[in-house]
Amino acid sequence: MMNDEALKEDSLIEGVKESLPEVNLDVNLGTASHLPQPNESEVKIEGFFLLNLDNYVQVAAFLMNGLPRPVRFEQIPLKLTDRSGQVLLGYQVFDMSNVPEIPANGVLPIEFNFSQDNIFTEKIFQDDWKLSFEMENLTARISTPQPVQAMVIEGLNIGEISEDQRQLLEGFLVRLPQIKEGELNFAAVQCSFQDGALEALLLIRNGTARDVHFAQLPLALRDAQSQEVAQAVFTPENLVIRARSARFHRFVFGPEHLLGASPDLSRWSVYVPQSLVNTEEPREANGEI
């Protein structure tokens, strides 16, 4: 006979099991062919089955990867809504650390169990529900053919940009050239004038085995005509690129740092005019808008 402590421990274990997503290999993947397919450079989720159980709601879904590279989620915040998406029926964040990556242009069948505490209605009707990502807190790793695999990218809140901007960024990441082991470089993302200043969004990639701290960073920017149009020495606060990771960072060249009027920003590049302390000099980054 089990004592109270053993019963309590068992109930805790069951609670943990209920909250973990499980890959469902018994699902016929042909079912996914009847669902809306992801666009190129898009990852989406489609729920196709829901059960209202005593202590949780079980949802079967397909994770569909439209990218030409595998994707692994670290955690997935999911929303259950009515079909219109207007009424929130449930919300839960799922740990995906033990779930396999989704193959390039592939599909992963999976089951999510929403605990009753995370369901905000007495019953979810079979003909009136939808499963979707809660984009603001979504974290994933996009595997690449680079020596530095599954680079973590930081510095941009995905919840603060539009869907179109998110897809443009995903396409940009897919098209990036390979970064070599031990290399540090800048990738030019977007450049525009704002209130008389020139703002340049860069992706700094660190392929080394150590964190890189930028206390001072001299940068210069050239336009499509190879004319140098801005130069400044930045002293960013707490700008750290972790080992084998990448970070978006926006650099603002004030009016006092502009060297010419009306630059051609249809193509542009940014470079470091002098070597960085304790790092290799990054390669020039080319940008196109």
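The values are calculated or read from the model by the stated rules, or taken from the named source; none is laboratory data. Every value quoted in this text rests on a predicted model; they were computed, and no experiment measured them. Here Cβ is always computed from backbone atoms with ideal geometry, including for glycine, and neighbour counts include all displayed protein chains.
For the range 178-271, please list each of the strands (runs of 3 or more DSSP E) lying entirely inside it that holds at least 3 residues being farther than 30 Å from residue 69 by Cβ.
Passing ranges, in order: 217-222, 228-234.
I'd like the residue in the range 22-60 that is in contact with a Lys or Arg (Cβ under 8 Å, 6 or more places away or on another chain) and at pLDDT 85 or above and, out of all such residues, is nearest to residue 131 (Cα to Cα).
47
If you go through the range 206-225 one residue at a time, do you hit one that is touching a Pro at 6+ places or on another chain (Cβ under 9 Å) and on the phi > 0 side of the Ramachandran plot?
No, every residue in the range 206-225 fails to be touching a Pro at 6+ places or on another chain (Cβ under 9 Å) and on the phi > 0 side of the Ramachandran plot.
Can you say whether residue 261 is modelled with pLDDT under 90 and surrounded by 14 or more Cβ atoms within 10 Å (Cβ to Cβ), as far as the supplied structure shows?
no
Specify the residue that is surrounded by the most Cβ atoms within 10 Å (Cβ to Cβ); the eligible residues are those in the range 236-252 that are free of Cβ contacts under 8 Å to residues at least 40 places away in the same chain and under 24 Å from residue 183 (Cβ atoms).
If we take residues in the range 236-252 being free of Cβ contacts under 8 Å to residues at least 40 places away in the same chain and under 24 Å from residue 183 (Cβ atoms), then 239 is surrounded by the most Cβ atoms within 10 Å (Cβ to Cβ).
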